Amino acid sequence: MAIETASLPLPPSADASKFAEFGREVKGVNPGTLTPEQFKEIEQLLYKHSALLFRDVDLSPEQQYALTKAFDPTSESYGHGNNKTGETKKSILHPDLKTIPRVPQVQLIGNGTVYDHEGLAEAKLKHPSHKSFHKTRVSDEDEAKGVTRFYRWHIDAALYDLSPPKVTTLYGLTVPRGDKQVCRYDDGTGDELEVPLGTTVFVSGKTMFEILPPELKSLAVRSKVKYSPHPYVWMAPAHAKSTGLGIETEGLEMPRDELPPWEESKIKVYPVLWKNPVTGGLHFQVHPCGVSEVFVDPLPEGAKREGALYPDGAHLTNLGEVRELLYKMQRPAIAPNLVYPHDWHEKDLVLFHNRGVLHSVVGAFAPNQVRAFHQCNLAASDDPVGPNAEDVKQWA
């Protein structure tokens, strides 16, 4: 049977014109037993469309690991390092992940207590909640009415020592059903988004770049970001913005001399824009929570200086200024009409191009609501590629 694709079911809130290329449901093929030819087709589809959905899939942890690894055959360890999250108690990721013992590259995530699961006698899972991470929180009264928030917009990546995974696979095993929730931005805009319970939301890094005004496109194509060493430990004492898009600057980050041992050579500096390996398009790929500095190249010779930001280049080290600038560039792309909230069903498998989208978990569950997912991504064998000279010439 030939591989068929269909558009993803968009909610009424989505601007369909912005999702013409984003996301496809794949039919007629079993993702756990792909032939090499089928895999090549799936690989092209993923990089072209950023996210692929397979419905009603039976997938073992071994098959999920093999599928994820096929996108980057020499990659080996889980994206944050095998079992690293368990050892780093101070990391904000620590409560969210449990490792499948026989396939340590696959993590069990979710909510509630799961018994006798893939070699784990008992796993207590905790769905990340904005209440433990944001500076402000939704009131108990509003939460009881189904009001919630984005938790943290991010890329799956250690952002220190290891390279960002190319692909993440998410497989829904136990998916609680419930009333829809209202995700509030609480940033003064009045923006809100109706979402399914426990959704994962995605935005396109390509759209994030394309909707920028010319002066911010010019800035993006000339800029690199520097991440903090051990960024998840560094940010753990701090609080996020109400939109989940970055950190409030309150001076709460862990001082560098209190972080686990780190080396300058392992700190990551990445272009703001990452080049798609199939389409050649540029995706705005910044994890705003972990960034500590921004480097801006000067305008290329012959470029228009009028209205340009930092025409002679810059090195921004003031954390508040860095965050304000990135927020200004990234916030437009999480507008309600640009967000795809996936409505999970049991046995859904979603593959997403981790170097082409940002995503977030959303919502809140009662302690007794059990949700169990398998997640896999692998620290990549190479770093992302940024804009080339032609791209800089075109957009700067």
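Among the residues making up segment 14-38, those that are closer than 17 Å to ALA51 by Cβ, in a loop (DSSP other than H, G, I, E, B) and over 20 Å from the mean Cα position of the chain (by Cα) are ASP15, ALA20, VAL29.
Can you tell me which residue in segment 26-46 is nearest to TYR65 (Cα to Cα), limited to those that are among the charged types (D, E, K, R) and out of contact with any helix residue (DSSP H, G or I) (no Cβ under 9 Å at 6 or more places or on another chain)? Ranking the qualifying residues of segment 26-46, first place goes to LYS40. Looking across LYS124, LYS131, one residue alone is assigned to a strand (DSSP E or B), more than 23 Å from THR68 (Cβ to Cβ) and more than 19 Å from the chain's Cα centre (by Cα). It is LYS124.
Taken as a whole, the structure places ARG137 among residues that are within 23 Å of the chain's Cα centre (by Cα), without any contact (Cβ under 8 Å) to a residue 24 or more places away in the chain, within 24 Å of LYS241 (Cβ to Cβ) and not in a strand (DSSP E or B).
Can you find a residue that is crowded, with 17+ Cβ neighbours inside 10 Å and without any contact (Cβ under 8 Å) to a residue 40 or more places away in the chain anywhere in segment 290-311? Scanning segment 290-311 turns up at least one residue that is crowded, with 17+ Cβ neighbours inside 10 Å and without any contact (Cβ under 8 Å) to a residue 40 or more places away in the chain. Contact annotation: residue pairs with Cβ atoms under 6 Å, 6 or more positions apart or on different chains, pairing a residue in segment 58-69 that is closer than 20 Å to HIS345 by Cα with a partner that is in a helix (DSSP H, G or I), are LEU59/GLY32; GLN63/GLY32. If you take the residues of segment 275-292 that are in a strand (DSSP E or B) and under 13 Å from the mean Cα position of the chain (by Cα), which of them is nearest to LEU245 (Cα to Cα)? The qualifying residue nearest to LEU245 (Cα to Cα) is PHE284.
Out of LEU159, LEU125, one residue alone is aliphatic (A, V, I, L, M) and on the phi > 0 side of the Ramachandran plot. It is LEU159. Note on segment 72-92: among residues that are in a loop (DSSP other than H, G, I, E, B) and buried (at least 18 other Cβ atoms within 10 Å of the Cβ), the one that is modelled with the highest pLDDT is ASP72. Listed by first and then second residue, the pairs linking a residue in segment 12-28 that is under 19 Å from LEU45 (Cα atoms) to a residue that is in a loop (DSSP other than H, G, I, E, B) and modelled with pLDDT under 95, with Cβ atoms under 9 Å apart and 6 or more places separating them unless they lie on different chains, are GLU25/PRO9; VAL26/ILE3; LYS27/MET1; LYS27/ILE3; GLY28/MET1; GLY28/ALA2; GLY28/ILE3. When you check PHE352 against the structure, is it over 17 Å from ILE155 (Cβ atoms) and modelled with pLDDT of 95 or more, yes or no? Taking the combined requirement at face value, the residue does not satisfy it.
Of all the numbered requirements in (1) assigned to a helix (DSSP H, G or I); (2) within 30 Å of GLY280 (Cβ to Cβ); (3) modelled with pLDDT under 95, LYS69 misses one, and that requirement is (3).
Show the residue pairs that are 6+ apart or on different chains and have beta-carbon atoms under 8 Å apart, the first residue being within segment 234-262 and under 15 Å from TYR151 (Cβ atoms) and among the hydrophobic types (A, V, I, L, M, F, W, C), the second being at pLDDT below 95 and surrounded by fewer than 17 Cβ atoms within 10 Å (Cβ to Cβ). As it stands, the answer is ALA236/LYS90, since those pairs meet every condition given.
As a summary of the residue check, VAL182 satisfies the conditions (1) part of a loop (DSSP other than H, G, I, E, B); (2) modelled with pLDDT of 95 or more except for the one numbered (1). Any idea which residue in segment 39-56 is farthest from the chain's Cα centre (by Cα), counting only those that are part of a helix (DSSP H, G or I) and among the hydrophobic types (A, V, I, L, M, F, W, C)? Taking the candidates together, the pick is PHE39.
Going by the structure shown, is PRO341 within 29 Å of GLN107 (Cβ to Cβ) and under 17 Å from the mean Cα position of the chain (by Cα)?
On the way: within 29 Å of GLN107 (Cβ to Cβ): yes; under 17 Å from the mean Cα position of the chain (by Cα): yes.
For PRO341, the condition - within 29 Å of GLN107 (Cβ to Cβ) and under 17 Å from the mean Cα position of the chain (by Cα) - is met.
Residue by residue, here is whether (1) out of contact with any Gly (no Cβ under 9 Å at 6 or more places or on another chain); (2) of a type outside the set (Gly, Ala, Ser); (3) under 26 Å from ILE42 (Cβ atoms); (4) part of a helix (DSSP H, G or I) holds:
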| site | (1), (2), (3), (4) |
| --- | --- |
| ASP156 | no, yes, yes, no |
| GLY190 | yes, no, no, no |
| GLU194 | yes, yes, no, no |
| MET208 | yes, yes, yes, yes |
| PRO237 | yes, yes, no, no |
| GLY251 | yes, no, no, no |
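I'd like the residue in segment 191-211 that is surrounded by fewer than 20 Cβ atoms within 10 Å (Cβ to Cβ) and touching a strand residue (DSSP E or B) at 6+ places or on another chain (Cβ under 9 Å) and, out of all such residues, is farthest from SER129 (Cα to Cα). Here the answer is GLU210.
The values are calculated or read from the model by the stated rules, or taken from the named source; none is laboratory data. Only a predicted model underlies this, so the values are computations on that prediction, with no experimental measurement involved. Because the Cβ atoms are built from the backbone with ideal geometry, glycine has one as well, and the counts that use them run over all protein chains shown.
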